[in-house]
Amino acid sequence: METPNLKVIEQYAQGDAETKKMLLDIVIEEFPEEKESYFKQFKTKDAKKTQEAVHKIKHKISILGLEKSYEIANKYEANLLNNSFDLNDEFHQILETITSFIASL
C-alpha cells in the first residue's frame with residue numbers, strides 16, 4: 001500500500017506556507033466527514049449514493065499523492081455505477097491509510 005504524502009500539496013502551494021496550510025486544513029477537515037458519509041451510504045447498499053461519496057473522496061486521495069489508490073477508487077466508482085461493490089475492501093484500506101496519516105500530522 002502506498003503512503004500518503006504532501007508532494008502534491010507542496011506543488012500546488014509553490015512554496016507558500018499559508019497556501020500549503022490551507023490545503024492541508026481542507027483535507028483534515030473534510031476527509032473525516034466524507035469518510036463518514038461514505039460508510040453511511042455503503043451500509044445502505046445504495047450504489048448510486050455510495051458512488052457519489054467515493055467521487056468526493058477521490059479528490060483527497062489525489063491531493064495526498066496516492067496514484068495507485070486513486071486508480072483503485074476510480075475503478076470502484078465505475079463498479080458502483082454498475083451496482084457492483086467489488087473493490088470495497090481495497091477502498092476501505094485506502095480510507096484507513098488516509099485516516100492514520102491525518103492522525104499523524
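The values are calculated or read from the model by the stated rules, or taken from the named source; none is laboratory data. Since the structure is predicted, the reported quantities are computational estimates derived from the model, not experimental observations. Cβ placement follows ideal geometry from the backbone for every residue including glycine, while neighbour counts extend to all protein chains displayed. Ligands, DNA and RNA are excluded from the accessible area calculation, which covers all protein heavy atoms including side chains. Shrake-Rupley method; radii C 1.70, N 1.55, O 1.52, S 1.80 Å.
Quick notes
- Which listed residue is among the aromatic types (Phe, Trp, Tyr) and in contact with a Leu (Cβ under 9 Å, 6 or more places away or on another chain), from Phe31, Phe85, Phe42, Phe91: Phe31
- If you go through the stretch 44-80 and keep only what is of a type in the set (Gly, Ala, Ser) and either touching a Gly at 6+ places or on another chain (Cβ under 9 Å) or within 14 Å of His92 (Cα to Cα) (or both), you end up with Ala53, Ser69, Ala73.
- Test: Tyr70 is closer than 19 Å to Glu2 by Cβ, modelled with pLDDT of 95 or more and open to solvent by 40 Å² or more (accessible area, probe 1.4 Å): yes
- Residue pairs meeting the criteria (Cβ under 7 Å; at least 6 apart or on separate chains; first in contact (Cβ under 8 Å) with a residue 60 or more places away in the chain, in the stretch 20-45; second surrounded by 14 or more Cβ atoms within 10 Å (Cβ to Cβ) and of a type in the set (Lys, Arg)): Val27/Lys60; Phe31/Lys60
- Scanning the stretch 1-14 for residues that are modelled with pLDDT of 95 or more and part of a loop (DSSP other than H, G, I, E, B), we see that the one that is least open to solvent (accessible area, probe 1.4 Å) is Pro4.
- Test: residue in the stretch 15-33 that is open to solvent by 80 Å² or more (accessible area, probe 1.4 Å) and touching a helix residue (DSSP H, G or I) at 6+ places or on another chain (Cβ under 7 Å): no
- Among residues of the stretch 55-72, those that are farther than 16 Å from Ser37 by Cα and either basic (Lys, Arg) or outside any helix (DSSP H, G or I) (or both), counted: 4
- Positions within the stretch 73-87 being part of a helix (DSSP H, G or I), in contact (Cβ under 8 Å) with a residue 12 or more places away in the chain and open to solvent by 30 Å² or more (accessible area, probe 1.4 Å), in sequence order: Asn74, Lys75, Leu81
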